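Take a look at the structure set out below.
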Protein chains: 2
Amino acid sequence: MTYYEDLQIGTRNCFGSYHVTREEALEFASKYDPQAFHLDDDAAAATHFGRLSCSGWHTAAMTMRMLVDNMDNVANTKSLGAAGIDDLKWIRPVFPGDTLRVETEIIDKAPWPGRPEMGFFRSKTVVFNQDDKPVMSYVAKVLMQRREPASA
Amino acid sequence: MTYYEDLQIGTRNCFGSYHVTREEALEFASKYDPQAFHLDDDAAAATHFGRLSCSGWHTAAMTMRMLVDNMDNVANTKSLGAAGIDDLKWIRPVFPGDTLRVETEIIDKAPWPGRPEMGFFRSKTVVFNQDDKPVMSYVAKVLMQRREPASA
């Protein structure tokens, strides 16, 4: 089990293989981001995207799935969820048919003010497509359980 | 039709009413964020969330849906999608049964470097629950079509 105390700044992880189907892209966009360029081929062709692309929030959601699968399968971390996200960039469109993967690096860690049972780490997270081109990046601030509470 | 040129810094909008069902919370978490505290009542009760809460990415997705409905129904903006998000904070848990709404404010606008047909604005976005408590906030950088291309 990985607790806050076990995290090492500089640790890098590469994981995930998420194939994006057209069906899933349309389903997500229909529910949560029904802009024409995410739903209609002709409307998308008329924009700077060039063709139908996934909602950026769908890319974020698929990335979360890869992160959770990696936590469960490999790291088994005592994560308490994320407090926030900085500097999220949708760098390139994600298209149906793409296959995504993730690279993370722990760039920082610190106690969580006022909560002696928690710490947090900041994880630089980059998502790549099958051509190894980055499509999205962000820095997540993730809360972690401490093995032992911080002393006052 | 609202173009980049029409945007006024300081403009505020309040909109949306998104009722979060338990069924939808579980469906999203099952697909995209299957951490125990988003799926299982007992596991959630043992965490700082206190009870089963929505994935933060689900809150972001529901917020996008309210934004798109508002763009369609009211503003009719020539948005070209968002380039990124800064300073996203999940301030409080969102629970099944909550009803969410959005407040936005245009805090900045500028031409988009190298793309004379586009500009962008930054929108401070805050999501509230039915008790008027903020649950999430972020600053979105949104690309907009210009009515007339910028001169070189």
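The values are calculated or read from the model by the stated rules, or taken from the named source; none is laboratory data. Bear in mind the structure is a predicted one, so any value in this text is a computation, not a measurement. Cβ: placed from backbone, ideal geometry, glycine included. Neighbour counts: every protein chain shown.
Being over 14 Å from B:G97 (Cβ atoms) and hydrophobic (A, V, I, L, M, F, W, C): is that true of B:A25 here?
No, not satisfied.
Can you work out which of the residues in the stretch A:14-37 that are closer than 20 Å to A:V135 by Cα and at pLDDT below 95 is surrounded by the most Cβ atoms within 10 Å (Cβ to Cβ)?
Only one residue fits best here, namely A:F37.
Looking at the stretch A:102-120, which of its residues are within 13 Å of chain B (Cβ to nearest Cβ) and outside any strand (DSSP E or B)?
A:W112, A:G114, A:R115, A:P116, A:E117
I need the full set of residues from the stretch A:9-37 which are more than 19 Å from the chain's Cα centre (by Cα) and among the acidic types (D, E), in order please.
Passing the criteria: A:E23, A:E27.
Kindly indicate the residue of the stretch A:1-53 that is in contact (Cβ under 8 Å) with a residue 24 or more places away in the chain and of a type in the set (V, I, T) and also farthest from the other protein chains (Cβ to nearest Cβ) among those meeting that condition.
That would be A:I9.
Taking the stretch A:121-152 only, how many residues are in contact with a helix residue (DSSP H, G or I) (Cβ under 8 Å, 6 or more places away or on another chain), surrounded by 16 or more Cβ atoms within 10 Å (Cβ to Cβ) and outside any strand (DSSP E or B)?
Result for the stretch A:121-152: 1.
Against the condition surrounded by 19 or more Cβ atoms within 10 Å (Cβ to Cβ), facing chain A (nearest Cβ under 9 Å), modelled with pLDDT of 95 or more and part of a helix (DSSP H, G or I), how does B:M66 come out, does it pass?
The answer is no for B:M66.
Give me the residue from the stretch A:78-101 that is more than 7 Å from chain B (Cβ to nearest Cβ) and in contact with a Phe, Trp or Tyr (Cβ under 6 Å, 6 or more places away or on another chain) and, out of that set, nearest to B:R51 (Cα to Cα).
A:K78
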